[in-house]
Amino acid sequence: MIKKQKYCEGCYNDIYNTGGECWYLKEAKVVDKKKIHINDRPPWDSQEIVRVNDCYRKPKFGFVNPKTRY
């Protein structure tokens with residue numbers, strides 16, 4: 001079984017995993033997403049692909065499906 005909590009590192013809601021468990025963690029699925037900063041211009045072909053939970057949130061970043069062309 002994959003430890004989903006290790007994919008929470010850096011997430012905005014990860015602070016809730018220190019004293020308990022984030023309310024999204026139970027239903028989270030581990031996925032690959034393309035990490036895009038809000039100031040980056042398209043095309044985003046060279047952006048980093050990261051493995052995170054589908055509920056992952058980080059200020060000033062968007063996470064999109066890596067197979068979709070933008």
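The values are calculated or read from the model by the stated rules, or taken from the named source; none is laboratory data. It should be emphasised that the depicted structure is a prediction, and the values quoted were computed from it without experimental measurement. Cβ placement follows ideal geometry from the backbone for every residue including glycine, while neighbour counts extend to all protein chains displayed.
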Residue within segment 3-17 that is part of a helix (DSSP H, G or I), surrounded by fewer than 14 Cβ atoms within 10 Å (Cβ to Cβ) and modelled with pLDDT under 90 present: yes
Answer yes if at least one residue in segment 30-42 is without any contact (Cβ under 8 Å) to a residue 24 or more places away in the chain and of a type in the set (A, V, I, L, M), and no otherwise. yes
Out of curiosity, is Pro66 exposed (fewer than 10 other Cβ atoms within 10 Å of the Cβ), assigned to a loop (DSSP other than H, G, I, E, B) and either without any contact (Cβ under 8 Å) to a residue 40 or more places away in the chain or of a type outside the set (D, E, K, R) (or both)? no
I need the full set of residues from segment 24-45 which are under 16 Å from Glu9 (Cα atoms) and not basic (Lys, Arg), in order please. Tyr24, Leu25, Ala28, Val30, Val31, Asp32
Within segment 12-26, residues being in contact (Cβ under 8 Å) with a residue 24 or more places away in the chain and out of contact with any Cys (no Cβ under 8 Å at 6 or more places or on another chain) number 1
Residue, nearest to the chain's Cα centre (by Cα), within segment 40-58, restricted to residues that are in a loop (DSSP other than H, G, I, E, B) and either modelled with pLDDT of 95 or more or closer than 16 Å to Tyr7 by Cα (or both): Tyr56
Looking only at segment 18-37, which residues are over 17 Å from Arg51 (Cβ atoms) and in a strand (DSSP E or B)? His37
